[in-house]
Each structure stands twice: as structure tokens, then as C-alpha cells.
1. Using the count of nearby Cβ atoms within 10 Å as a rough guide to exposure, how do B:196, A:126, B:157 rank from fewest to most?
2. Work out the length of the dipole vector of the protein assembly as shown about its Cα centre, built from +1 on the beta-carbon of each Lys and Arg and -1 on the beta-carbon of each Asp and Glu, and round it to the nearest 20 debye.
3. Scattering from the C-alpha atoms of the stretch A:72-288 alone, worked out with Debye: what is log10 I(q)/I(0) at q = 0.10, 0.11 1/Å?
4. Going down the table (B:41/B:109; B:80/B:166; A:151/A:223; B:41/B:166; A:128/A:151), which pairs top 24 Å between alpha carbons?
5. Can you tell which of A:57, A:125, A:91 lies farthest toward the positive end of the dipole of the stretch A:57-162, using +1 and -1 charges on the Cβ of basic and acidic side chains (Lys, Arg; Asp, Glu)?
6. How far is helix B:96-109 tilted off the main Cα axis of chain B, in degrees rounded to 10, range 0 to 90?
7. Taking chain B, how much of its Cα-Cα pair set, in percent, is spaced more than 25 angstrom apart?
8. Write down, largest first, the equivalent ellipsoid semi-axes of the protein assembly as shown in whole Å, where each equals the square root of 5 times an eigenvalue of the alpha-carbon gyration tensor.
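Coordinate-derived values only; no laboratory data. The structure presented is a predicted model; accordingly, all values stated were derived computationally and were not measured. FYI the Cβ positions are ideal-geometry reconstructions off the backbone, even for glycines, and counts take in every protein chain you see.
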Amino acid sequence: MTGSTSKNKKYASGEDSQRAPRRGGTIVVKVVLNCFIRHHILIISGAAITILLGIWWIAAFVIDATIILPPPPAVGRELWALLNSNDFWHSVGLTVFRGLSGFFISLSLGIVLGIAAGISLPIHALFKPLIAVIRTTPIMSVILIALLWFKTGTVPIFSSFLIAFPVITQNVIVGIRQTDQKLLQMGRAYGLSATRRLLHISVPSVVPYLISGAQTALGLTWKVVVAAEVLSIPNWGVGSEMQLSQMSLETAQVFAWTVVAILLSAASQWVLSMSIRSMSWSKAYADTV
Amino acid sequence: MPIQCKQLSLSFGDLQVFDNFSLEVPDQHVTAILGPSGCGKTTLLNLMSGLLLPDRGGVSGIGDERISYLFQEPRLLPWKTVRKNVELVVTPFFPPGEVSRRSFEFLEKVGLNQFADYHPHELSGGMRQRAAVARAFAYPSGVMLMDEPFQALDLHLKLSLIELFKKLWKLEQRTAVFVTHDIQEAVLLGDTVIVLYGPPAHIRATLENPMPRVERSLKEHRILEMEQKLYSLLA
């Protein structure tokens, strides 16, 4: 779809450049069109954001009550004020710490258990019910139960671990099971020991599955960490601040913290995808075996 | 020691692939097994290598002999460089310095020395298959089993790989069993060509190659004669 539209645009601009000498002012159209062709994806995304902001602004204007829906500039001012306060970085830092702790605990335990369950049916049978139960437990139940068990700062870590862990484990199990049988047969034919087959063939095969599991898990992590912070209100944290702002009816501040949470999640996804991109073989995996 | 398949029987469900099948493959000799698709050629290789076990009968002569395997596809690990792919199978048999020396030596022999540190997806199909050939020869084995290793290659690549095989075999004698449905490959590489039909698999003819390995070419009339004969047997 995108390919054909960009082709049409190119064609249109070609026509346009031929007519250019005959029409005054076409030069502006030409520049705009060229710019559009070159950066059309960015421009479309930019337009979408502008439209959303516009709708928000109009809605805020119509409602005319900052406490219900603050206009974008008010949220911007709050955000700016937050960025310039020391407490802000303290809160963001602790939320990041909690999120990453939960994420990396899930990642390491998920990889170990996933590999074990992937190669051994009894281990899989042993952990399958537990994983299924955790997967289907409502996030709020996890947080509320964690509140009864742990100190407030630990609740977000525990909750995010419990949500992300089954996702990663499940993906690793699938990855081990999907290992190319032809490569495993090659390993057996060349007399590689079971350990070396696992290490050199099965484990690397898991990587693409682990990546997609990690992406999903990371997305969930920030949602759960912020939700857990909202409920447990530890001393510092994006969720705590959000909750405190809400209780004092500082709606613009709630919005500003929400923006922070969104940016946090987006930044972590970006870092993850950048590190994935460095593994060039993962793209060409399918057709080289 | 010759490889002997004695009274093999094997069926997949209702399909009887082997029924009391016997075959002897001479030592230090290239035996080409020629036959149409689905006659049980690949299964025969898997039985010889022990990747498959027969319902009845057995294979002797391979014993503890190590086997190099060449498949229809290169079957290289995509996450390892060509060099690491070769080293992986060689590692258990030599001290570390010798492992890398030997691996590189065989990559040189197949003409991939400049591409040793490339990943498989950065190479063409022919280069990948040459890397698999380097792996098969670098692996210290007495037996080489080949399952249509030229199938996916064009004529030019196929002929150059066949020449490469002749060169490598001259350096190091190994017992080789080579399965194919391509008559030209069979007459160029096989010291003996066995025509297989099935299922159930049975030997229709056994032909000795009239020319020594290095002199064979598709321009020699004795090779062309053999090609004709095989053609009439298969058609």
C-alpha cells in the first residue's frame, strides 16, 4: 500500500516539475511535494499527533474545566516544572529501577525455566499449571496480594516480575521446541554431544522468540509497575506521584506524569529494539538454513 | 572395512520402504546410488549412519567410524560464522590451535578463505554449500555420506563442486556413499553406480565406472556411453 502511494506521488512530482516553468508559484508546491515524498511516513505520523493534540485542545476548550480536562499547554507547563525539580528524577529513577529489576529477574528466571521446560516434558508438566494460573490472574489481584506480603517499594518489583515471567518463559519454551530439526539432525550426524547441541543449536534458536517475549514483557512491565506504585504509594515513584496528584485534584499533573510514563515505556522499547538490530543474522534466519 | 547392509527391512506406516534389502559398499571407494525420487535413497543413508534404525536386519562396517554428512541443504548454523561452523564439529578431536588451523585449511581448499568470518546469510547458495563441503572434509571421518548435495545448484556450480570433490578425495581417501537422481553427477563422481528402484527398494543394476576419477569428464566418450546406459535404465 505505502509502496504504491509513494510511487504515485513520485510520478505526480515528475509531472509537476515538467510544468513548473509555465506556472508561477509551482515551485512552492514542488518543494512541499518533494519534502512529502522524502519524509511521508514521518509527516503522516506528525499530522496524526497534531490532530490528536488539536482534538484534545478543542475538547478542553469546550469542557472548560481544568480539573476535568486540562488543555495541552497546561500539561506542558506542568511537565516543564516537573523536569526542573529534583524530586522528579528521584521518582523516575526509582520507577526505572523497580521496572528493570522486575524485568531482569523475569528474563533470567524465564530463560532458565523456559529452556528446562522446553527440553524436558516432565519439567514442563510440572510448571505448566503454575504458569497458566499466573497468566490468567488479574493484574490487580497480584498487586493487592503483593501489598499484603511486601513492603511498598517491593510491590511493584514483585508484581511486574509475576506478570512478565510467564510471558518470557512461554516464549522460550516455544523457541526451544521450534528449533530446526534439520540443524539438530546435522548435530547428531556430526556426533555433537547433547550439551553442545543444546548450547550451539537449541539455545541460539530461542533468540528470536526471546526477543518478541522480551518486547511484550517490557511493555507490560511499565504498566504494572506504575499501577502497583499507584496502589502501594512507595516514597518515590511515577505511580506514587500520579496518585498524590490525583488525590489533590491536580489533573494537569496527573496528565504530565502520564506523559512521563509513556515516554519511559517508549524509551525502553527503543533501547531494546536498537540492541536487537545489532544481531544482523536474526533477520536472515529463515532462508539460510 | 566395507559397509554392509544386510537384509534391511523398514516401513513407514503402510509403506514398505525396504524389504530384505542387502548392499555392500567397498572401502575407500565412491559409490553413487542413483534412483528416482521416493525410491528410498535418503532413507538408506539414514540407515547407514544410524540416524534411523531398521525394523529388521542391520548395517555393519561403520561401527565406531565417524561419519561426515552432506545434506541437500548446507545446514550451517546461521548465528555462527563459516569458520565457527567448521570449528564446531572439529573441536572435540584436536587441540585448540590445530582446530583453527585445520578448519581454515579446508576453507582455503574450497576457496572460502576470504569469507571465513562471514555469516551464512551473507554468502550465495553455492558458497554456503562449499562451506558445508569444507565442514564435511575437515571433520576427521572415515566415511562420507552425501544426500544430493548439488541438488539446489546450477550446472556451473555443480560441475565446479564436483571438481572440488575429486581434488579433496585425492588428498584424503574416504569411503563415500553418494545419493542422487542426476545421471551426470553419478557418472562423474561414482566409482560404482548402483541404480535403485522402489519402494520397496531394490537394485536394478550395478555399473563400474570405466575411467579413473580425475580423468572423468562429460566430453569423454566412455563416460557418455555410461550416461546413455544409465539413461536407458532409468527411463
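1. In order of increasing Cβ crowding within 10 Å: A:126, B:157, B:196.
2. Roughly 800 debye, rounded to the nearest 20.
3. Here the Debye-derived log intensity ratios amount to -0.54, -0.63.
4. The answer is B:41/B:109; B:80/B:166; A:128/A:151.
5. Working it through, the farthest residue towards the positive pole turns out to be A:125.
6. Helix B:96-109 and the main axis of chain B meet at about 70 degrees.
7. 42 percent
8. Equivalent-ellipsoid dimensions as semi-axes: 63, 33, 20 Å.
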